[in-house]
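Worksheet: the structure to be examined is printed underneath.
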Amino acid sequence: MSPFLDLPPLSAAEFAAIEDQVAALLHTGADVIVTQGEALLPLEAAIRGAAHPGSTALNVVTGPYGQTFGNWLRSCGAKVVDLAVPFDSAVSAEQVAAALEANPEIDFVSLVHAEAATGNTNPVAEIGAVVREHGALLMLDAVASVAAEPVLTDEWGVDLCVIGGQKAMGGPAGVSAVSVSERAWARIAANPAAPRRSYLSLLDWKERWTDAGRAVLPHAPAQLEMLALGACLDRIAADGLPAVIARHRAASAATRAGVRALGTLAPYVVEDAHAAPVATTLRTPDGVDATALAARLDPALPVQPGGGALAGSMLRVNHYGRAASLDTVRACLTGLAAATSADPAPALAAAVPGRQCPLTSTTSTPRMFRSISSAGSAIASAQ
(Lines give C-alpha, C1' and ligand atoms only; values in the text may rest on other atoms or scores of the structure.)
Protein backbone atom coordinates (compact mmCIF):
# COMPACT_ATOMS: atom_id res chain seq x y z
CA MET A 1 0.00 0.00 0.00
CA SER A 2 1.31 3.44 -0.89
CA PRO A 3 2.22 5.63 2.11
CA PHE A 4 1.05 8.65 0.09
CA LEU A 5 -2.64 7.57 0.01
CA ASP A 6 -5.47 7.41 2.57
CA LEU A 7 -3.79 9.78 5.00
CA PRO A 8 -5.70 11.06 8.03
CA PRO A 9 -6.73 14.72 7.83
CA LEU A 10 -4.16 17.26 8.94
CA SER A 11 -5.52 19.03 12.00
CA ALA A 12 -5.54 22.77 12.61
CA ALA A 13 -3.22 22.20 15.56
CA GLU A 14 -0.69 20.38 13.38
CA PHE A 15 -0.87 23.13 10.75
CA ALA A 16 -0.34 25.80 13.43
CA ALA A 17 2.60 23.86 14.91
CA ILE A 18 4.34 23.91 11.51
CA GLU A 19 3.79 27.67 11.30
CA ASP A 20 5.42 28.01 14.72
CA GLN A 21 8.41 25.98 13.53
CA VAL A 22 8.78 28.30 10.55
CA ALA A 23 8.64 31.33 12.86
CA ALA A 24 11.45 29.84 14.96
CA LEU A 25 13.52 29.17 11.84
CA LEU A 26 13.07 32.81 10.78
CA HIS A 27 13.79 34.16 14.28
CA THR A 28 10.56 36.14 14.27
CA GLY A 29 7.70 36.86 16.61
CA ALA A 30 5.58 38.10 13.70
CA ASP A 31 2.63 36.22 12.24
CA VAL A 32 3.59 33.43 9.85
CA ILE A 33 1.24 32.36 7.07
CA VAL A 34 1.96 29.02 5.38
CA THR A 35 0.75 29.23 1.79
CA GLN A 36 -0.36 26.32 -0.34
CA GLY A 37 1.90 26.69 -3.37
CA GLU A 38 5.45 27.34 -4.55
CA ALA A 39 7.14 30.45 -3.11
CA LEU A 40 6.16 32.66 -6.04
CA LEU A 41 2.65 32.60 -4.52
CA PRO A 42 3.49 34.44 -1.25
CA LEU A 43 6.01 36.65 -3.05
CA GLU A 44 3.33 37.91 -5.42
CA ALA A 45 0.80 38.06 -2.58
CA ALA A 46 3.15 40.23 -0.51
CA ILE A 47 3.80 42.63 -3.40
CA ARG A 48 0.16 42.89 -4.45
CA GLY A 49 -0.86 43.42 -0.84
CA ALA A 50 1.66 46.18 -0.14
CA ALA A 51 2.08 47.98 -3.48
CA HIS A 52 -0.54 50.26 -4.98
CA PRO A 53 -0.94 53.35 -7.15
CA GLY A 54 0.74 56.27 -5.43
CA SER A 55 3.40 54.12 -3.72
CA THR A 56 7.04 54.15 -4.75
CA ALA A 57 9.15 51.01 -4.56
CA LEU A 58 12.88 50.47 -4.65
CA ASN A 59 13.39 47.16 -6.43
CA VAL A 60 16.89 45.75 -5.97
CA VAL A 61 17.84 43.60 -8.97
CA THR A 62 20.69 41.15 -8.48
CA GLY A 63 19.20 38.36 -10.57
CA PRO A 64 16.07 37.17 -12.40
CA TYR A 65 13.76 37.24 -9.39
CA GLY A 66 14.40 40.91 -8.84
CA GLN A 67 13.34 41.47 -12.44
CA THR A 68 10.10 39.57 -11.78
CA PHE A 69 9.36 41.66 -8.69
CA GLY A 70 9.74 44.84 -10.71
CA ASN A 71 7.16 43.62 -13.21
CA TRP A 72 4.67 42.82 -10.43
CA LEU A 73 5.23 46.17 -8.73
CA ARG A 74 4.58 48.05 -11.97
CA SER A 75 1.43 46.01 -12.62
CA CYS A 76 0.17 47.17 -9.20
CA GLY A 77 0.48 50.79 -10.34
CA ALA A 78 3.47 51.59 -8.14
CA LYS A 79 6.29 53.81 -9.31
CA VAL A 80 9.39 51.60 -9.43
CA VAL A 81 13.01 52.62 -8.98
CA ASP A 82 15.23 49.73 -10.09
CA LEU A 83 18.64 49.39 -8.47
CA ALA A 84 20.42 46.87 -10.68
CA VAL A 85 23.92 45.51 -10.15
CA PRO A 86 25.87 42.94 -12.20
CA PHE A 87 24.57 39.44 -11.54
CA ASP A 88 28.05 38.20 -10.60
CA SER A 89 28.20 40.51 -7.58
CA ALA A 90 26.11 41.76 -4.63
CA VAL A 91 24.42 45.06 -3.91
CA SER A 92 25.84 47.14 -1.05
CA ALA A 93 24.06 49.01 1.73
CA GLU A 94 25.74 52.16 0.45
CA GLN A 95 24.11 51.72 -2.97
CA VAL A 96 20.72 51.22 -1.33
CA ALA A 97 21.23 54.28 0.88
CA ALA A 98 22.12 56.40 -2.16
CA ALA A 99 18.98 55.26 -4.00
CA LEU A 100 16.81 56.07 -0.99
CA GLU A 101 18.40 59.49 -0.61
CA ALA A 102 17.85 60.25 -4.29
CA ASN A 103 14.21 59.11 -4.05
CA PRO A 104 12.91 60.09 -0.60
CA GLU A 105 9.34 59.10 -1.55
CA ILE A 106 10.28 55.39 -1.56
CA ASP A 107 8.07 53.54 0.93
CA PHE A 108 8.68 49.89 -0.09
CA VAL A 109 11.87 47.96 -0.80
CA SER A 110 12.02 44.52 -2.42
CA LEU A 111 15.22 42.52 -2.04
CA VAL A 112 16.37 38.97 -2.75
CA HIS A 113 18.66 37.62 -0.04
CA ALA A 114 20.33 34.93 -2.16
CA GLU A 115 19.84 34.29 -5.86
CA ALA A 116 20.28 30.58 -6.51
CA ALA A 117 20.05 31.31 -10.25
CA THR A 118 23.14 33.54 -10.19
CA GLY A 119 24.84 32.32 -7.01
CA ASN A 120 25.13 35.68 -5.25
CA THR A 121 23.97 36.79 -1.80
CA ASN A 122 23.24 40.26 -0.44
CA PRO A 123 24.12 41.80 2.97
CA VAL A 124 20.60 42.01 4.40
CA ALA A 125 21.59 43.08 7.91
CA GLU A 126 23.30 46.24 6.63
CA ILE A 127 20.62 46.93 4.02
CA GLY A 128 17.85 46.40 6.57
CA ALA A 129 19.34 49.03 8.85
CA VAL A 130 19.42 51.56 6.01
CA VAL A 131 15.83 50.81 4.98
CA ARG A 132 14.61 50.99 8.58
CA GLU A 133 16.25 54.40 9.05
CA HIS A 134 14.51 55.62 5.89
CA GLY A 135 11.17 54.31 7.16
CA ALA A 136 10.28 52.10 4.19
CA LEU A 137 8.77 48.63 4.37
CA LEU A 138 11.21 45.80 3.53
CA MET A 139 10.20 42.63 1.69
CA LEU A 140 12.82 39.87 1.59
CA ASP A 141 12.91 36.83 -0.67
CA ALA A 142 14.72 34.33 1.57
CA VAL A 143 13.71 31.26 -0.43
CA ALA A 144 17.29 30.35 -1.39
CA SER A 145 18.98 31.59 1.79
CA VAL A 146 16.94 30.02 4.58
CA ALA A 147 18.87 27.11 6.17
CA ALA A 148 21.97 27.99 4.11
CA GLU A 149 22.73 31.23 5.94
CA PRO A 150 21.20 33.08 8.91
CA VAL A 151 17.83 34.75 8.40
CA LEU A 152 17.22 37.08 11.36
CA THR A 153 13.88 38.53 10.34
CA ASP A 154 13.08 40.72 13.35
CA GLU A 155 16.66 41.77 14.10
CA TRP A 156 17.13 42.93 10.50
CA GLY A 157 13.82 44.80 10.37
CA VAL A 158 12.29 42.62 7.63
CA ASP A 159 8.54 43.24 7.32
CA LEU A 160 7.67 40.54 4.80
CA CYS A 161 9.96 37.50 4.69
CA VAL A 162 9.15 34.74 2.20
CA ILE A 163 10.63 31.24 2.23
CA GLY A 164 10.18 27.99 0.34
CA GLY A 165 11.15 24.49 1.38
CA GLN A 166 12.77 23.19 -1.79
CA LYS A 167 16.29 24.58 -1.63
CA ALA A 168 18.63 24.51 1.39
CA MET A 169 15.84 23.23 3.63
CA GLY A 170 15.78 20.06 1.57
CA GLY A 171 11.99 19.93 1.62
CA PRO A 172 9.02 20.24 -0.73
CA ALA A 173 8.48 22.79 -3.50
CA GLY A 174 4.70 22.90 -3.25
CA VAL A 175 4.38 24.78 0.04
CA SER A 176 5.88 28.06 1.25
CA ALA A 177 5.51 30.68 3.96
CA VAL A 178 5.65 34.40 4.67
CA SER A 179 6.13 36.25 7.94
CA VAL A 180 4.20 39.52 8.21
CA SER A 181 5.11 42.30 10.64
CA GLU A 182 2.53 44.57 12.28
CA ARG A 183 3.71 47.40 9.99
CA ALA A 184 3.15 45.22 6.96
CA TRP A 185 -0.32 44.17 8.12
CA ALA A 186 -1.28 47.82 8.62
CA ARG A 187 -0.09 48.73 5.13
CA ILE A 188 -1.89 45.82 3.47
CA ALA A 189 -5.11 46.54 5.39
CA ALA A 190 -4.97 50.19 4.28
CA ASN A 191 -4.51 49.24 0.61
CA PRO A 192 -7.88 49.22 -1.18
CA ALA A 193 -6.27 47.30 -4.06
CA ALA A 194 -4.99 44.48 -1.84
CA PRO A 195 -6.33 41.10 -3.04
CA ARG A 196 -9.41 39.83 -1.20
CA ARG A 197 -11.28 36.54 -1.60
CA SER A 198 -8.30 35.39 -3.57
CA TYR A 199 -5.49 32.85 -3.30
CA LEU A 200 -3.21 35.90 -3.24
CA SER A 201 -4.96 37.41 -0.22
CA LEU A 202 -2.88 37.46 2.93
CA LEU A 203 -5.67 39.40 4.65
CA ASP A 204 -8.08 36.49 4.11
CA TRP A 205 -5.68 34.17 5.92
CA LYS A 206 -5.20 36.69 8.72
CA GLU A 207 -8.93 37.19 9.30
CA ARG A 208 -10.09 33.61 8.79
CA TRP A 209 -7.14 31.80 10.39
CA THR A 210 -4.64 33.83 12.43
CA ASP A 211 -7.03 36.30 14.07
CA ALA A 212 -9.61 33.54 14.52
CA GLY A 213 -7.27 31.68 16.86
CA ARG A 214 -5.98 29.14 14.34
CA ALA A 215 -8.70 26.75 15.45
CA VAL A 216 -10.36 25.89 12.13
CA LEU A 217 -8.54 25.67 8.81
CA PRO A 218 -10.20 27.80 6.12
CA HIS A 219 -9.75 25.07 3.52
CA ALA A 220 -8.24 21.61 3.11
CA PRO A 221 -4.45 21.85 3.40
CA ALA A 222 -1.99 20.41 0.91
CA GLN A 223 -1.52 17.28 2.99
CA LEU A 224 1.58 15.68 1.50
CA GLU A 225 3.44 18.99 1.17
CA MET A 226 2.63 20.00 4.75
CA LEU A 227 3.85 16.67 6.09
CA ALA A 228 7.04 16.99 4.06
CA LEU A 229 7.56 20.56 5.28
CA GLY A 230 7.11 19.43 8.86
CA ALA A 231 9.57 16.58 8.30
CA CYS A 232 12.29 18.84 6.89
CA LEU A 233 11.79 21.34 9.74
CA ASP A 234 12.13 18.47 12.21
CA ARG A 235 15.33 17.34 10.50
CA ILE A 236 16.82 20.84 10.63
CA ALA A 237 15.93 21.08 14.32
CA ALA A 238 17.49 17.66 14.99
CA ASP A 239 20.70 18.50 13.14
CA GLY A 240 20.81 22.00 14.63
CA LEU A 241 20.43 25.06 12.41
CA PRO A 242 24.05 26.22 12.96
CA ALA A 243 25.30 22.84 11.75
CA VAL A 244 23.03 22.94 8.69
CA ILE A 245 24.26 26.43 7.81
CA ALA A 246 27.88 25.35 8.33
CA ARG A 247 27.43 22.41 5.94
CA HIS A 248 26.14 24.70 3.19
CA ARG A 249 28.91 27.22 3.70
CA ALA A 250 31.51 24.47 3.63
CA ALA A 251 30.07 22.89 0.49
CA SER A 252 30.14 26.25 -1.28
CA ALA A 253 33.69 27.06 -0.16
CA ALA A 254 34.99 23.59 -1.07
CA THR A 255 33.35 23.70 -4.49
CA ARG A 256 34.74 27.15 -5.28
CA ALA A 257 38.23 26.09 -4.16
CA GLY A 258 38.02 22.87 -6.16
CA VAL A 259 36.83 24.59 -9.33
CA ARG A 260 39.62 27.16 -9.13
CA ALA A 261 42.14 24.35 -8.83
CA LEU A 262 40.51 22.51 -11.73
CA GLY A 263 41.35 25.39 -14.04
CA THR A 264 38.84 24.64 -16.79
CA LEU A 265 35.94 26.52 -15.19
CA ALA A 266 35.71 29.57 -12.93
CA PRO A 267 33.30 30.77 -10.23
CA TYR A 268 30.67 33.02 -11.80
CA VAL A 269 30.50 35.17 -8.64
CA VAL A 270 34.05 36.47 -8.38
CA GLU A 271 34.27 37.55 -4.74
CA ASP A 272 33.88 34.83 -2.10
CA ALA A 273 32.04 37.28 0.17
CA HIS A 274 29.34 37.68 -2.48
CA ALA A 275 28.85 33.93 -3.05
CA ALA A 276 25.64 32.29 -1.83
CA PRO A 277 26.11 29.07 0.18
CA VAL A 278 23.02 27.50 -1.35
CA ALA A 279 24.49 27.09 -4.85
CA THR A 280 27.80 27.64 -6.62
CA THR A 281 27.54 29.05 -10.12
CA LEU A 282 30.33 28.46 -12.63
CA ARG A 283 31.33 30.34 -15.75
CA THR A 284 32.19 28.16 -18.75
CA PRO A 285 35.00 29.14 -21.13
CA ASP A 286 34.20 31.01 -24.32
CA GLY A 287 32.92 28.63 -26.94
CA VAL A 288 31.89 25.94 -24.42
CA ASP A 289 28.12 25.52 -24.17
CA ALA A 290 26.99 24.97 -20.57
CA THR A 291 23.93 22.95 -21.59
CA ALA A 292 26.04 20.55 -23.63
CA LEU A 293 28.56 20.32 -20.79
CA ALA A 294 25.83 19.52 -18.26
CA ALA A 295 24.54 16.76 -20.53
CA ARG A 296 27.90 14.95 -20.14
CA LEU A 297 27.44 14.70 -16.37
CA ASP A 298 25.72 11.98 -14.36
CA PRO A 299 22.11 13.21 -14.11
CA ALA A 300 22.07 12.23 -10.41
CA LEU A 301 24.57 15.02 -9.68
CA PRO A 302 23.03 18.32 -8.48
CA VAL A 303 24.44 20.24 -11.46
CA GLN A 304 22.37 22.06 -14.08
CA PRO A 305 22.86 24.74 -16.72
CA GLY A 306 21.90 28.31 -15.96
CA GLY A 307 18.52 29.63 -16.95
CA GLY A 308 17.44 32.14 -19.56
CA ALA A 309 20.22 34.24 -21.03
CA LEU A 310 22.76 32.38 -18.87
CA ALA A 311 21.86 28.90 -20.16
CA GLY A 312 24.79 28.73 -22.54
CA SER A 313 27.51 30.13 -20.29
CA MET A 314 26.77 29.04 -16.71
CA LEU A 315 26.60 25.85 -14.69
CA ARG A 316 25.01 25.71 -11.26
CA VAL A 317 26.10 23.26 -8.55
CA ASN A 318 23.27 23.07 -6.04
CA HIS A 319 24.04 22.47 -2.36
CA TYR A 320 20.43 21.82 -1.43
CA GLY A 321 19.87 20.10 1.91
CA ARG A 322 21.68 16.78 2.07
CA ALA A 323 23.57 17.61 -1.13
CA ALA A 324 25.69 19.94 1.03
CA SER A 325 28.09 17.10 1.79
CA LEU A 326 31.69 16.14 1.11
CA ASP A 327 30.65 13.13 -0.97
CA THR A 328 28.51 15.29 -3.23
CA VAL A 329 31.17 17.98 -3.61
CA ARG A 330 33.74 15.34 -4.58
CA ALA A 331 31.36 13.68 -7.03
CA CYS A 332 30.58 17.01 -8.69
CA LEU A 333 34.23 17.99 -9.00
CA THR A 334 35.12 14.56 -10.41
CA GLY A 335 32.27 14.80 -12.91
CA LEU A 336 33.22 18.33 -13.96
CA ALA A 337 36.83 17.24 -14.41
CA ALA A 338 35.80 14.36 -16.67
CA ALA A 339 33.41 16.56 -18.67
CA THR A 340 36.15 19.15 -19.30
CA SER A 341 39.00 16.61 -19.83
CA ALA A 342 40.86 17.80 -16.72
CA ASP A 343 42.73 15.99 -13.97
CA PRO A 344 40.44 15.84 -10.90
CA ALA A 345 43.29 15.43 -8.39
CA PRO A 346 44.08 19.15 -7.87
CA ALA A 347 40.40 19.95 -7.43
CA LEU A 348 39.85 17.16 -4.92
CA ALA A 349 42.94 18.20 -2.98
CA ALA A 350 41.80 21.83 -2.84
CA ALA A 351 38.37 20.79 -1.57
CA VAL A 352 39.74 19.04 1.52
CA PRO A 353 37.49 19.92 4.49
CA GLY A 354 39.20 22.00 7.14
CA ARG A 355 40.62 24.41 4.58
CA GLN A 356 37.18 26.00 4.64
CA CYS A 357 35.11 24.44 7.47
CA PRO A 358 34.04 20.85 8.26
CA LEU A 359 31.78 19.01 5.87
CA THR A 360 29.64 16.05 6.86
CA SER A 361 29.99 12.99 4.66
CA THR A 362 26.84 11.14 3.58
CA THR A 363 26.33 7.53 2.61
CA SER A 364 26.71 6.45 -0.99
CA THR A 365 22.93 6.08 -1.43
CA PRO A 366 21.83 8.19 -4.43
CA ARG A 367 20.36 11.49 -3.37
CA MET A 368 16.96 11.01 -5.00
CA PHE A 369 16.39 7.67 -3.24
CA ARG A 370 17.42 9.15 0.14
CA SER A 371 14.86 11.92 -0.37
CA ILE A 372 12.04 9.55 -1.35
CA SER A 373 12.85 7.21 1.52
CA SER A 374 12.87 10.06 4.05
CA ALA A 375 9.56 11.43 2.76
CA GLY A 376 7.95 8.02 2.84
CA SER A 377 9.12 7.38 6.40
CA ALA A 378 7.85 10.75 7.56
CA ILE A 379 4.43 10.19 6.01
CA ALA A 380 4.19 6.62 7.28
CA SER A 381 4.97 7.77 10.83
CA ALA A 382 2.18 10.35 10.58
CA GLN A 383 -0.43 7.69 9.86
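The values are calculated or read from the model by the stated rules, or taken from the named source; none is laboratory data. What you see is a predicted model; the values in this text were computed from it and never measured. Cβ: placed from backbone, ideal geometry, glycine included. Neighbour counts: every protein chain shown. Surface accessibility is based on the protein's heavy atoms, side chains included, excluding ligands, DNA and RNA. Shrake-Rupley method; radii C 1.70, N 1.55, O 1.52, S 1.80 Å.
Assorted remarks:
- 222 nm mean residue ellipticity, helices alone, for the chain (DSSP H n ≥ 4; -39,500 (n - 2.57); rounded to 500): -12000 deg cm²/dmol
- Under DSSP loop assignment and at most 15 Cβ neighbours within 10 Å, longest chymotrypsin sites (Phe, Trp or Tyr not before Pro)-free interval of the chain: 5-198
- The phi torsions of region 322-336, fed into the Karplus equation with coefficients 6.51, -1.76 and 1.60 and a -60° offset, translate into couplings of 5, 6, 7, 9, 4, 4, 5, 4, 4, 4, 5, 5, 5, x, 5 Hz, rounded to whole numbers, with Gly and Pro shown as x.
- Gained length - Ala13 relative to Asp289, 0.36 nm times residue gap less alpha-carbon distance: 94.3 nm
- Cα centroid separation, region 164-188 to region 55-124 (Å): 19
- Charged-residue dipole, Cβ positions (Lys, Arg, Asp, Glu), the chain about Cα centre, Debye nearest 20: 740
- The charge dipole of region 221-364, taken about its Cα centre with unit charges on the Cβ atoms of Lys, Arg (+1), Asp and Glu (-1) only, comes to about 200 debye.
- Estimated FRET transfer efficiency when R0 is 51 angstrom, pair Asp298-Ala186 (beta carbons, to 0.05): 0.50
- Between the alpha-carbon centres of region 200-231 and region 272-335 there is a gap of 36 Å.
- The portion of the accessible surface of region 232-310 made up by carbon and sulfur, rounded to a whole percent, is 55 (1.4 Å probe; DNA, RNA and ligands excluded).
- Using every pair of separate Cα atoms, the Kirkwood estimate puts the hydrodynamic radius of region 1-123 at 16.7 angstrom.
- Carbon/sulfur fraction of accessible area - region 1-160, other protein chains in place, 1.4 Å, %: 56
- Of the trypsin sites (Lys or Arg not before Pro) in region 237-305, those whose Cβ has at most 14 other Cβ within 10 Å and which sit in DSSP loop: Arg296
- GluC sites (Glu not before Pro) restricted to DSSP loop in region 188-293 with at most 12 other C-beta within 10 Å: Glu271
- Where both bridge residues fall in the chain, DSSP classifies roughly 55% of the beta bridges as antiparallel.
- Rg to Rh, two decimals, where the chain supplies the alpha carbon set and Rh follows Kirkwood: 0.98
- Å² of accessible area per residue within the chain, as computed with a 1.4 Å probe and no ligands counted: 40
- Simple spin-label estimate for Val216 and Val352 in nanometres, 7 Å along Cα-Cβ: 6.5
- The amide H of Ala78, built 1.01 Å from its N in the peptide plane, has His52 as neighbours under 5 Å, considering only residues 5 or more places off or on other chains.
- Residues of region 20-62 with amide N under 12 Å of the 7 Å Cα→Cβ point at Phe4: none
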